[in-house]
Amino acid sequence: MTERKPSGMSFESWIERQIREAQERGEFDNLPGAGKPLPEFGKAHDEMWWVKQKLEREGLPTDAVLPTPLKLRKEIDRLPETVRDLPSEDAVRDVVRNLNEQIVEYMRAPSGPQIPISLVDVERIVEQWRDGHEDRSARPGEPARPGQPADPPVAAERSGRHRPWWRRLVRRGGDD
């Protein structure tokens with residue numbers, strides 16, 4: 001039942017009267033969570049708490065909310081693991097070609113933060129894949145190169161003499 005605010009009564013007084021009458025009728029008795037501490041109370045404030053809870057409820061990875069260039073960079077970083085178990089060079093080339101197509105599509109119409117990203121060197125990834133498969137075929141049953149991390153994928157643009165700007169900054173200790 002919706003009640004109209006009586007004329008001559010302030011809005012705040014009218015709301016307070018409705019709350020008092022509801023309390024008298026017992027409408028706030030036995031509510032779920034009554035007498036219990038608030039969830040998340042006392043924890044550090046995180047302004048993105050609601051996004052994290054939504055992703056968790058929906059079972060989505062946090063990558064789902066990343067801007068496109070960061071998603072692409074993560075895919076480039078994961079590329080050695082992605083192609084490691086593929087059965088053939090053609091399959092490796094297809095995966096890298098698909099990723100490069102996504103990168104080109106982003107470069108044509110960049111959106112979000114302007115993060116430098118460049119194409120992946122297909123031949124370098126195929127060579128890394130071959131090395132991993134040769135190691136496995138030489139010693140069946142053993143993991144490829146135990147104790148040695150896989151080489152990171154080298155972008156075609158970065159395979160020259162220039163280091164990324166942030167690497168130069170880190171080496172100097174950020175004193176610029």
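Assorted remarks:
- Here the 3J(HN,Hα) profile of the stretch 52-61, calculated from phi with Karplus coefficients 6.51, -1.76 and 1.60 at θ = phi - 60°, is 4, 5, 5, 4, 5, 4, 7, x, 9, x Hz, Gly and Pro shown as x.
- When the Cα convex hull of the stretch 40-132 is projected onto planes of every orientation, the mean area is 8.4 nm².
- When each of the peptides 112-118, 10-16, 43-49 is scored by how many other beta carbons lie within 10 Å of its residues on average, the order from highest to lowest is 112-118, 10-16, 43-49.
Values quoted throughout were computed directly from the atomic coordinates according to the rules given, and no laboratory measurement underlies them. Keep in mind it's a predicted model, so treat the numbers as computed, not measured. Ideal geometry is used to build each Cβ from the backbone, glycine not excepted, and the neighbour counts take in all protein chains shown.
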